């Protein structure tokens, strides 16, 4: 199983606790997560995006200022735009959120169900999953020369086979190096790998 399959398999455990869906954003920088996994109803996601609820969502303010774990029914969540009440229209009647990590790499997971409040044990289980995935998605602080060489090849539009021919090594060697870069940068394409390496000042 590759790194993406392993992350998705771990996140799927949240769905067993929250049958109405979840939204997991890992290591957010600015407003962009490193990875996002979601099973919320598409109609709710569409309304949320169309109305720009990210900055109006009480969970956003709570996650950036307090963090930890909280039920949506908590009186600490002031919701003048009725974001959480609207979520209930889509089966997200009861829910909770977890926030973990520093402000420049914050991981947030919101998850819900239609039939009852989530138990303390269920919320704690989701929190463990989020913390685990947050740690597993940490990018390296630096790259070695071979890894930078692969990124340089990508920036020139070279394939793994073309790099092998240039270096006079086997294709298996360079293909392995390409796969390594994709895995450590959590990227699925050369463009994504390059963008991520530059965003994190690794290349």
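Read-outs throughout are calculated quantities, based only on the coordinates presented, and are distinct from any laboratory measurement. Computed from a predicted model, the values in this text were never measured in an experiment. Neighbour counts are summed over all protein chains in view; Cβ atoms, including those assigned to glycine, are modelled from backbone coordinates with ideal geometry.
Roughly what angle does helix 171-184 make with the longest principal axis of the chain, taking Cα atoms, 0 to 90 degrees, to the nearest 10?
30
Based on the alpha carbons, how large is the Rg to Rh ratio for the stretch 103-194 when Rh follows Kirkwood?
1.21
Could you give the distance between the Cα centres of the stretch 46-68 and the stretch 87-120, to the whole Å?
Taking the Cα centre of the stretch 87-120 as reference, the centre of the stretch 46-68 is 11 Å away.
By the gyration tensor of its Cα atoms, with a ≥ b ≥ c the square roots of the eigenvalues, what is the shape of the stretch 3-136: rounded for a/c under 1.5, prolate for a/b over b/c, or oblate?
rounded
Can you give the Rg to Rh ratio of the stretch 145-199, both from alpha-carbon atoms, with Rh computed by the Kirkwood formula?
On the Cα set of the stretch 145-199, Rg over Rh gives 0.94.
Quick check on packing: order 21-28, 34-41 by the mean number of other C-beta atoms within 10 Å, highest mean leading.
21-28, 34-41
When the helices in the chain are scored as -39500 (n - 2.57) per DSSP H run of 4 or longer and the sum is shared across all residues, what 222 nm value do you end up with, to the nearest 500 deg cm²/dmol?
For the chain, the value works out to -14500 deg cm²/dmol.
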